[in-house]
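Engineer: Just dropping this structure here.
The values are calculated or read from the model by the stated rules, or taken from the named source; none is laboratory data. Note that this is a predicted model, so its numbers are computed, not measured. Virtual Cβ from ideal backbone geometry, glycine too; neighbours counted across all protein chains shown. In case anyone asks, the SASA skips ligands and DNA or RNA and just uses the protein heavy atoms, side chains included. Shrake-Rupley method; radii C 1.70, N 1.55, O 1.52, S 1.80 Å.
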Amino acid sequence: MEDIIIIGAGAVGCFIARSLSRYELSTLVIEKENDVGDVTSMANSAIAHSGYDPVPGSNKAKFNVLGNRMMKEVCQDLDVAYEECGTLTVAIYDSQLPMLDELLERAKENGVPAKILTAEEVKAMEPNINPEVKGALLCPTGGIVNPFELTAHAMENACDNGVKLHLGEEVTDIKAENDHFLVKTTKGNYEAKIVINAAGLHSDDIAKMIEPISWTIHPRKGEYYVLNHYAKGLVNHVLFPLPSEKGKGILVTMTTSGNYLVGPSSEFVDDKEDLSTDTLTLANVKEQAKMLVPNIPFPEQIRCYAGLRSTPSTHDFIIEPSKAYESFINVAGIESPGLVSSPAIGEYVAKDLVGKLLPLKEKSDYQKTIRPYCHPQKMSVAERNALIAKDPRYGEIICDCEKVSIGEIEDVLSRSVPAKTVKAVKKRTRAGFGKCQGGFCQPKVINLLAKHYGISPIEVLYDKDDSQIVKEEVKKEA
Ligand SMILES: Cc1cc2nc3c(=O)[nH]c(=O)nc-3n(C[C@H](O)[C@H](O)[C@H](O)COP(=O)(O)OP(=O)(O)OC[C@H]3O[C@@H](n4cnc5c(N)ncnc54)[C@H](O)[C@@H]3O)c2cc1C
């Protein structure tokens, strides 16, 4: 019997696993996709929000602010790209200026450093901003983070510390027995003293497996443009419009990889799997973004994508035991700002909720850091030459757009959270993220995966179970 089963390996499940991995507990994470962080945690704005915006006193405000304060150290420990670039919430009309005052008050209540800037100050910081700008709220502790690394490295740290991870296995039923739960999956049956439901969009479906619930999760779609990393300085901060009842609005931001993101839209949809993008919505995103930065170079667009927020009917994060079972913990409705909140949610669930039910004895050999990754692109030419002389695999480039070497790909394949699919390699290393979107490097990545796992290239998946890329061999060796 496991002490704990966590359902879902998005940012939330991964950080809960990481926090629990500090203690002498047996923890199993069950994830239906073939990689960690393969749903909402990979398709968002990747902003480490400061916390100026959530309603004071809400779970969102509490965990956002705590998560933001933890982010720098977490990213150092987990070798995750993070930049505290600050955010600007921008007023374009005079009529919007009183809202900046309201947001400043809210920031103060939430304990978030913030300051109102004049139009001239904003223009000096952001040369490409709409010249009509009337002022902005600067939150210097807001930042950007690499969401793929954040999730995968948190789970890597958890697994290095003994957590077990089952990928590609869907939880289909849960039964409460006398003092434990029986968890059924597509691959087997498991028993656990505690179940933690971190199933994102499906957290209501999972919660309903043990009792009727009074809340629902409604998917709310956000569509984006991704621009190439063509030049620095289009924007220097994360730029938000003023928030509305639809959320934080359409932002313009750089990413930790130097690309730019423009989006997201905000529309409720019925289908929890609907990640389609559409021309009309994106045209609207474009128009609204131009209100912040009129000269966004949209010809630099390399891709569009959509993510689904797990919007709860309660309008706040649900982080509590179920009504009938103290040892069934729902961590549900974690919409934005859930990414930045996830390290703080992990700590709370482990220490406060699990800690009430099981003794938390710290492991003597617990490591809070992971084995550092090699970052050839951050090295000087001399350092890079020395690295290549030592290990020639770092000189053999697989992805020309993003300059990713065989050495980096083979490194991620050797980690405790292996990259099993082409998309997992892409998220970990950026091979395929560039202008050609994998057109050139994908066959080479397929061959590396096939070689590493001892399978045929035909068996290598892009992402989901039925996503083989190679259909058949046309040239067979004699
Ligand atoms: C458009 C958009 C913009 C956003 N921008 C930001 C932002 O800038 N900053 C920020 O902090 N937050 C942002 N967020 C929110 C953030 O992305 C989420 O709060 C966070 O990723 C939620 O993580 P999660 O682990 O709860 O969900 P997920 O990442 O969806 O993980 C849940 C996991 O559970 C698994 N699962 C579901 N059902 C089962 C089952 N039956 N069996 C096994 N596994 C199962 C899923 O496969 C999935 O991997 C944004 C979200 C969206 C959609």
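Engineer: On the basis of being at pLDDT 95 or above, among the basic types (Lys, Arg) and out of contact with any strand residue (DSSP E or B) (no Cβ under 7 Å at 6 or more places or on another chain), does Lys123 make the cut?
Structural biologist: Details: at pLDDT 95 or above: yes; among the basic types (Lys, Arg): yes; out of contact with any strand residue (DSSP E or B) (no Cβ under 7 Å at 6 or more places or on another chain): yes.
Yes, satisfied.
Engineer: Yes or no: the range 352-373 includes at least one residue that is surrounded by 14 or more Cβ atoms within 10 Å (Cβ to Cβ), β-branched (Val, Ile, Thr) and free of Cβ contacts under 8 Å to residues at least 24 places away in the same chain.
Structural biologist: No, the range 352-373 contains no residue that is surrounded by 14 or more Cβ atoms within 10 Å (Cβ to Cβ), β-branched (Val, Ile, Thr) and free of Cβ contacts under 8 Å to residues at least 24 places away in the same chain.
Engineer: How about the range 420-478: which of its residues are open to solvent by 50 Å² or more (accessible area, probe 1.4 Å), over 18 Å from Arg303 (Cα atoms) and among the small types (Gly, Ala, Ser)?
Structural biologist: Once the filter is applied, which keeps residues that are open to solvent by 50 Å² or more (accessible area, probe 1.4 Å), over 18 Å from Arg303 (Cα atoms) and among the small types (Gly, Ala, Ser), the range 420-478 yields Gly454, Ala478.
Engineer: Find the residue count for the range 20-42, including only residues that are open to solvent by 10 Å² or more (accessible area, probe 1.4 Å) and more than 6 Å from the ligand (Cβ to nearest atom).
Structural biologist: Going through the range 20-42, the residues open to solvent by 10 Å² or more (accessible area, probe 1.4 Å) turn out to be 22-26, 31-34, 38-42.
This time we only want the ones that are more than 6 Å from the ligand (Cβ to nearest atom), so: 22-26, 34, 42.
Of the residues in that region, 7 qualify.
Engineer: Which helices (runs of 4 or more DSSP H) sit wholly inside the range 366-445 and have at least 1 residues that are aliphatic (A, V, I, L, M), more than 29 Å from Ser21 (Cβ to Cβ) and in the same structural domain as Leu227 (by TED's automatic domain parsing)?
Structural biologist: Details: elements: 381-390, 406-413, 422-429.
Output list is empty.
Engineer: Could I ask something else about it? Across the range 149-168, what is the total count of residues that are within 11 Å of the ligand (Cβ to nearest atom) and open to solvent by 10 Å² or more (accessible area, probe 1.4 Å)?
Structural biologist: 3
Engineer: Return the residues of the range 352-380 that are within 24 Å of Lys435 (Cα to Cα) and among the hydrophobic types (A, V, I, L, M, F, W, C); say none if nothing qualifies.
Structural biologist: Cys374, Met379, listed by residue number.
Engineer: Within the range 11-19, can one find any residue that is in a loop (DSSP other than H, G, I, E, B), within 6 Å of the ligand (Cβ to nearest atom) and modelled with pLDDT of 95 or more?
Structural biologist: Pass one, the range 11-19, residues in a loop (DSSP other than H, G, I, E, B): none.
No, that holds for no residue.
Engineer: Continuing with this model, one more query. Looking only at the range 232-278, which residues are surrounded by fewer than 20 Cβ atoms within 10 Å (Cβ to Cβ) and not in a loop (DSSP other than H, G, I, E, B)?
Structural biologist: Ser244, Gly247, Glu267, Phe268
Engineer: I would also like to ask the following. Please indicate, with yes or no, whether at least one residue in the range 326-334 is over 21 Å from Arg430 (Cβ atoms) and loosely packed, with under 15 Cβ neighbours inside 10 Å. Explain how you work it out, then say what you get.
Structural biologist: First, pick out the residues of the range 326-334 that are over 21 Å from Arg430 (Cβ atoms): 326-334.
Subset that is loosely packed, with under 15 Cβ neighbours inside 10 Å: 326.
Yes, because at least one residue in the range 326-334 is over 21 Å from Arg430 (Cβ atoms) and loosely packed, with under 15 Cβ neighbours inside 10 Å.
Engineer: Sticking with this structure for a sec: Filter the range 169-197 down to residues that are open to solvent by 10 Å² or more (accessible area, probe 1.4 Å) and either in contact with a Gly (Cβ under 7 Å, 6 or more places away or on another chain) or aromatic (Phe, Trp, Tyr) (or both), then give me how many there are.
Structural biologist: 1
Engineer: Kindly establish whether Met1 is open to solvent by 30 Å² or more (accessible area, probe 1.4 Å) and under 16 Å from the mean Cα position of the chain (by Cα). Can you show your working first?
Structural biologist: Working: open to solvent by 30 Å² or more (accessible area, probe 1.4 Å): yes; under 16 Å from the mean Cα position of the chain (by Cα): no.
Here the answer is no, as Met1 does not meet what is asked.
To keep it simple, each residue is scored yes or no on (1) in a loop (DSSP other than H, G, I, E, B); (2) away from the ligand (no atom under 16 Å from the Cβ); (3) open to solvent by less than 10 Å² (accessible area, probe 1.4 Å); (4) closer than 30 Å to Lys426 by Cβ.
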position	(1), (2), (3), (4)
Ala61	no, no, yes, no
Glu105	no, yes, no, no
Glu120	no, yes, no, no
Ala136	no, yes, yes, no
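Engineer: Could you list all residues from the range 256-288 that are farther than 17 Å from Thr40 by Cα and of a type outside the set (A, V, I, L, M)?
Structural biologist: Answer for the range 256-288, where residues must be farther than 17 Å from Thr40 by Cα and of a type outside the set (A, V, I, L, M): Thr256, Ser257, Gly258, Asn259, Tyr260, Asp278, Thr279, Thr281, Asn284, Lys286, Glu287, Gln288.
Engineer: Quick one: would you say Lys323 is within 30 Å of Ile5 (Cβ to Cβ), more than 11 Å from the ligand (Cβ to nearest atom) and open to solvent by 10 Å² or more (accessible area, probe 1.4 Å)? Full working, then the answer.
Structural biologist: Working: within 30 Å of Ile5 (Cβ to Cβ): yes; more than 11 Å from the ligand (Cβ to nearest atom): yes; open to solvent by 10 Å² or more (accessible area, probe 1.4 Å): yes.
Yes, satisfied.
Engineer: Turning to a different aspect of this structure: Could you list, ordered by first residue, the pairs with Cβ atoms under 8 Å in which the first is in the range 171-187 and within 14 Å of Glu2 (Cα to Cα) and the second is open to solvent by 30 Å² or more (accessible area, probe 1.4 Å) and within 10 Å of the ligand (Cβ to nearest atom), at least 6 apart or interchain?
Structural biologist: Partner pairs satisfying both residue conditions: Val183/Asp173; Lys184/Thr172; Lys184/Asp173.
Engineer: Kindly check whether there is at least one residue in the range 214-229 that is among the charged types (D, E, K, R), farther than 30 Å from Asp400 by Cβ and buried (at least 19 other Cβ atoms within 10 Å of the Cβ).
Structural biologist: Scanning the range 214-229, I find at least one residue that is among the charged types (D, E, K, R), farther than 30 Å from Asp400 by Cβ and buried (at least 19 other Cβ atoms within 10 Å of the Cβ), so the answer is yes.
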